[in-house]
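The values are calculated or read from the model by the stated rules, or taken from the named source; none is laboratory data. The model shown is predicted, which means the values in this text are computed figures rather than measured ones. With ideal geometry, Cβ positions are generated from the backbone for all residues, glycine too; neighbour counts draw on all protein chains shown. Areas reflect the complete protein model, heavy atoms only, side chains present, ligands, DNA and RNA absent. Shrake-Rupley method; radii C 1.70, N 1.55, O 1.52, S 1.80 Å.
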Amino acid sequence: GHVRPAARIPWPGGGRVRRLWDYVKLFGALGLVFLLLTWPAEALSAAQGAMRTWAGSVGPSLFPFLALLPALTCPAARRVYARALGWLMRPLFRLPGSAAPALLIGLMAGSPAGALAVERVSEGLPRGEARRLGLMCAGVSPVYLVGGVGAALFGSAEMGLWLALAQAVGQLLLGLLLRGRFAEDAEPLPALPERAHEAPVRAAVASVLQVCGYMALFSVAAAMAAKLLGGAAGDLLLYIADMPSGLARVAQTGAPWALAGAVAGFGGLCIAAQNMAVLCPLGVRWRDYLAAR
């Protein structure tokens with residue numbers, strides 16, 4: 001399996017930091033339970049809204065890519081991409097052609113499909129290249145931006161299309177800006193565990209359900225904290241923590257379209273958590289991820 005950078009470079013007092021983080025999680029969970037009991041109707045509404053969004057746009061747009069992921073990123077596919085796109089990927093992004101399927105899936109399917117594709121093509125890549133590729137592939141599904149955001153929330157599929165195009169351009173520009181970064185991190189990544197007996201559809205279903213769980217949990221937590229804070233601070237928390245809830249709030253308040261673009265561009269901590277669960281073992285650090293977004 002992969003070795004996390006933290007395992008290779010121990011922090012001074014790392015044990016104390018981990019214990020402190022355990023206490024933070026404990027009291028955070030207790031606080032959330034208290035808020036759930038205080039505002040149960042609002043919590044239920046937030047969870048239902050997240051699951052409707054998942055069922056209506058996120059799940060259907062994500063599942064086909066996850067089911068096809070093994071075929072699109074198998075060794076034979078990577079060799080084909082290396083021959084076909086190596087001449088383009090290396091000069092533009094200083095990445096091998098075999099990394100192209102991850103970039104294409106990241107552009108077409110968003111998160112966490114892009115991160116999972118990066119994981120699958122990472123064998124033998126220098127860790128620095130995998131870090132750059134992971135940051136490039138952490139966008140939002142264009143199908144969700146067009147249908148779930150533009151058409152459903154703002155009544156304009158054209159607006160959703162502009163958001164999707166802006167995101168794609170941003171991801172490619174990010175790759176160009178990062179092409180010289182992390183070059184010193186040249187340790188090759190090990191092979192993934194053997195996946196010969198992998199059931200693609202079963203794995204895709206599990207991944208899509210996991211996305212639903214992330215969305216429901218973050219939506220409820222953000223809604224409870226926003227209810228507690230109220231006003232502009234509550235809105236800001238929604239924008240940062242949970243992108244669907246934040247975009248819904250932008251639409252409700254009639255805020256400028258540029259704010260919707262900023263919320264969609266950042267992607268929210270919910271999507272960040274899904275991506276980083278995959279990208280952390282590849283060497284991507286939270287500070288790099290947040291700075292890139």
Checking the condition surrounded by 22 or more Cβ atoms within 10 Å (Cβ to Cβ) and out of contact with any Lys or Arg (no Cβ under 6 Å at 6 or more places or on another chain), which residue from G110, G124, G86, G128 passes?
G110
Quick one: which of L66, L26 is of a type outside the set (S, T, N, Q), open to solvent by less than 80 Å² (accessible area, probe 1.4 Å), at pLDDT 85 or above and in a helix (DSSP H, G or I)?
L66
For G283, all conditions in the list (1) open to solvent by less than 20 Å² (accessible area, probe 1.4 Å); (2) free of Cβ contacts under 8 Å to residues at least 40 places away in the same chain hold save one; what is the number of the exception?
(2)
Within segment 141-161, track down each residue that is over 18 Å from the mean Cα position of the chain (by Cα) and either within 14 Å of G106 (Cα to Cα) or in contact (Cβ under 8 Å) with a residue 60 or more places away in the chain (or both).
G147, A152, L153, F154, M159
Looking at the structure I just gave you, is P101 surrounded by 17 or more Cβ atoms within 10 Å (Cβ to Cβ) and farther than 20 Å from M243 by Cβ?
yes
Kindly provide the set of residues from segment 77-104 that are closer than 20 Å to G180 by Cβ, touching a Phe, Trp or Tyr at 6+ places or on another chain (Cβ under 9 Å) and aliphatic (A, V, I, L, M), ordered by number.
M89, A99, A100, L103
In the set A272, A232, A291, which member is assigned to a helix (DSSP H, G or I) and over 22 Å from A113 (Cα atoms)?
A232
Considering residues of segment 198-215 that are more than 15 Å from the chain's Cα centre (by Cα) and among the small types (G, A, S) only, the residue least open to solvent (accessible area, probe 1.4 Å)
A204
Filtering segment 252-273 down to residues that are aliphatic (A, V, I, L, M), open to solvent by 30 Å² or more (accessible area, probe 1.4 Å) and under 21 Å from K227 (Cβ atoms) yields L259, L269
Need a quick list: helices (runs of 4 or more DSSP H) entirely within segment 82-157 having at least 2 residues that are over 29 Å from G56 (Cβ atoms) and acidic (D, E).
none
Filter pass, A76 being at pLDDT 85 or above, in a helix (DSSP H, G or I) and out of contact with any Asp or Glu (no Cβ under 6 Å at 6 or more places or on another chain)
yes
Take the residues of segment 165-188 that are within 14 Å of F93 (Cβ to Cβ) and not in a helix (DSSP H, G or I): which is nearest to the chain's Cα centre (by Cα)?
L178
What number goes with the only condition from (1) under 17 Å from the mean Cα position of the chain (by Cα); (2) open to solvent by less than 60 Å² (accessible area, probe 1.4 Å); (3) farther than 21 Å from C137 by Cβ that F218 does not pass?
(3)
Condition set buried (at least 23 other Cβ atoms within 10 Å of the Cβ) and of a type in the set (A, V, I, L, M), scope segment 238-251, selection nearest to A41 (Cα to Cα): answer is L238
Looking at this structure, is P142 surrounded by fewer than 19 Cβ atoms within 10 Å (Cβ to Cβ) and within 26 Å of L68 (Cα to Cα)?
no
